[in-house]
Amino acid sequence: MLMTTETGIRLSYHDHGDGSPVLLLTGTGAPSSVWDLHQVPVLRAAGFRVITMDNRGIPPSDEGTDGFTIDDLVADVAALIEHLGVAPCRVVGTSMGSYIAQELALAHPELLDAVVLMAACGRSSLVQRVLAEGEAKLIELGTELPPGYLAAVRAMHNLGPATLADDDLTGDWLDLFEASDNWGPGVRAQLQLSALPDRIDAYRAIKVPCHVISFEHDLVAPPSAGRELAAAIPGATHRTIPGCGHFGYLENPEAVNRELLRFLRAESAARLEETA
């Protein structure tokens, strides 16, 4: 489905079922379909209404060829929540999706019921900033690297050591990365945002209930960064999922889904107690 915001931006989204709404936000370069295999069915079976969206930069949402800011992405999510009339809404983000959710919690807390921040941090490391800037520059220059090389770099960057030690499993991931390669202007704009400035002090003002999920072998947002983020957000909790890398929600979906349901159900019960 498509909606158009008041600023003329077209956003693609999918709305699954009914129940308490949960909005899922993807990371850099990822389409909304990454949630369909593991998270959408489990959340639907648990009785939630599940909403997924393609962030600006990922077709069929507008690519944003002129560039955009994190505030633009936050405004997009707020517009979708208001368009669907699902406020206050639970939001689950991963990587850049977590960055959007963190900033949304600051700018529009009235739209949110609770937030899960996966593969999240409050500031990116120097090497992560340099890597994101370098990848964006490759797209700007039109540099075409061998697809197999790009797939291998993505695997090394995003998967855990147990996966990488299994050649058959790694081969499947490499095929997936090659088939889903998407290095257009929208991804370039997302890459320029994917490395966070230092927002730790700002996040001390977040009032929305938050749960941070880190992945043990995440090189992008390691557990230490997740713990730092959770310590900054008042009342936030933190859990580390073992044995996986930055793509933990795909690499170890069973453990991730258990953690999502545990937190979302707890927040639902707390909400019912408040309204009783």
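From the list 218, 198, the lone residue that is in contact (Cβ under 8 Å) with a residue 24 or more places away in the chain, in contact with a His (Cβ under 9 Å, 6 or more places away or on another chain) and among the acidic types (Asp, Glu) is 218. Kindly provide the set of residues from the stretch 168-195 that are small (Gly, Ala, Ser), open to solvent by 40 Å² or more (accessible area, probe 1.4 Å) and over 21 Å from residue 94 (Cα atoms), ordered by number. Matches in the stretch 168-195: 179 only. Residues that are over 24 Å from residue 118 (Cβ atoms) and in a helix (DSSP H, G or I) were ranked within the stretch 153-189; the one that is modelled with the lowest pLDDT is 185.
Of the candidates 74, 22, 92, the single residue that is free of Cβ contacts under 8 Å to residues at least 60 places away in the same chain, crowded, with 16+ Cβ neighbours inside 10 Å and of a type outside the set (S, T, N, Q) is 74.
Looking only at the stretch 203-229, which residues are in a helix (DSSP H, G or I), of a type outside the set (Lys, Arg) and more than 27 Å from residue 134 (Cα to Cα)? Correct list: 203, 205. On the given criteria, is residue 33 closer than 28 Å to residue 192 by Cβ and loosely packed, with under 15 Cβ neighbours inside 10 Å? When the stated conditions are applied, residue 33 passes them. Within the stretch 116-167, the set of residues being closer than 17 Å to residue 190 by Cβ, of a type in the set (Gly, Ala, Ser) and surrounded by 12 or more Cβ atoms within 10 Å (Cβ to Cβ) comprises 119, 120, 124, 132, 136.
Scanning the stretch 230-240 for residues that are surrounded by 22 or more Cβ atoms within 10 Å (Cβ to Cβ) and either touching a Phe, Trp or Tyr at 6+ places or on another chain (Cβ under 7 Å) or in a loop (DSSP other than H, G, I, E, B) (or both) turns up just one, 233.
Out of 28, 69, one residue alone is open to solvent by 20 Å² or more (accessible area, probe 1.4 Å) and under 14 Å from the mean Cα position of the chain (by Cα). It is 28. The set of residues in the stretch 77-89 that are farther than 14 Å from residue 20 by Cβ, without any contact (Cβ under 8 Å) to a residue 60 or more places away in the chain and open to solvent by 20 Å² or more (accessible area, probe 1.4 Å) contains only 82. With respect to residue 144, determine if the residue is part of a loop (DSSP other than H, G, I, E, B) and either free of Cβ contacts under 8 Å to residues at least 12 places away in the same chain or of a type in the set (Asp, Glu) (or both). For residue 144, the condition - part of a loop (DSSP other than H, G, I, E, B) and either free of Cβ contacts under 8 Å to residues at least 12 places away in the same chain or of a type in the set (Asp, Glu) (or both) - is met.
The values are calculated or read from the model by the stated rules, or taken from the named source; none is laboratory data. Everything numeric here is computed off the predicted structure, so don't read it as measured data. Here the Cβ is made from the backbone with ideal geometry for all residues, glycine too, and neighbour counts use every protein chain on show. Only protein heavy atoms, including side chains, enter the accessible area calculation; ligands, DNA and RNA are left aside. Shrake-Rupley method; radii C 1.70, N 1.55, O 1.52, S 1.80 Å.
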